[in-house]
Amino acid sequence: MQMDSLGVTVAVVRTWNNPEIRRRIDALLTFLPHVLILINAAKDTDYTTRLLEGIPANRITVLSLDTGLYFWSLPLNAALRHLDAAGAPHQFIFPCSVEAAFERPHLEAMLRAFADPTVGVVGTSFKGIKNDSEVPLGSSYAVPRNTGMVIRRAVFAGPLKDGFDPVCDALGGMEDADFVNRMEAQTPYKAVMLNLQVPLTVGANWNQAEKEAREAEALRKIKELRGQ
């Protein structure tokens, strides 16, 4: 997979009222041509837009979504619909968190994995950082996550044409793990995990233990729903 794959990769970032958004977008734009930013309009008035002032309009797209379109799955699906409607040429979709400190070598390594045409999703491990110290992450991070994973755009076809299943939002999240499971069960594509240990700030905007407990419970409910 040649490194010009970066040129056909678009990052998708969900955010609201996060003071770190400008630093993360600036970092992503050092190695990616475009970032699509989804804002929760119910919780973020113009805070994020003001922080992004000065970034060239051709480098970012900001979509402000109302409450009915925001949670985990729905903004991601809105991003996919926007890219389709705009005729965007991107071959790879890169959902990532504001708290995940991806650098160019991380994404290059993930894109190289797509040299195998059967790979549909590439995930990575993360290194939890809290107050400048490394902290362990729970089992919910052992699978590809929208915290930072790359998806071959061609995967969004056939049984997965609608993207992520919003039913997961009502179950507590983990729409990413559910998507990967459905992809491997319903399409010829597979997922791979890389051990890149991408730094991930935790505990700054939520209680990490509560988050991981909710995610573990969401995984249990999803498996039950899918008859697994």
The correct count of residues that are more than 24 Å from Met174 (Cβ to Cβ), surrounded by 15 or more Cβ atoms within 10 Å (Cβ to Cβ) and either of a type in the set (A, V, I, L, M, F, W, C) or without any contact (Cβ under 8 Å) to a residue 24 or more places away in the chain (or both) in the stretch 111-128 is 1
Subset of the stretch 95-128, residues in contact with a Leu (Cβ under 9 Å, 6 or more places away or on another chain), assigned to a loop (DSSP other than H, G, I, E, B) and of a type in the set (S, T, N, Q), comes to Ser97
Has the stretch 194-214 got at least one residue that is out of contact with any Cys (no Cβ under 9 Å at 6 or more places or on another chain), among the small types (Gly, Ala, Ser) and within 23 Å of Pro117 (Cβ to Cβ)? no
Those residues of the stretch 142-172 which are in contact (Cβ under 8 Å) with a residue 60 or more places away in the chain and either touching a strand residue (DSSP E or B) at 6+ places or on another chain (Cβ under 9 Å) or part of a loop (DSSP other than H, G, I, E, B) (or both) amount to Asn146, Val150, Arg152, Arg153, Ala154, Phe156, Asp162, Gly163, Phe164, Asp165, Pro166
Checked Val202, Val180 against criteria (surrounded by 14 or more Cβ atoms within 10 Å (Cβ to Cβ), among the β-branched types (Val, Ile, Thr), modelled with pLDDT under 95 and touching a strand residue (DSSP E or B) at 6+ places or on another chain (Cβ under 9 Å)); the one match is Val202
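The values are calculated or read from the model by the stated rules, or taken from the named source; none is laboratory data. Quick caveat: nothing in here was measured; it's all calculated off a predicted structure. Ideal geometry is used to build each Cβ from the backbone, glycine not excepted, and the neighbour counts take in all protein chains shown.
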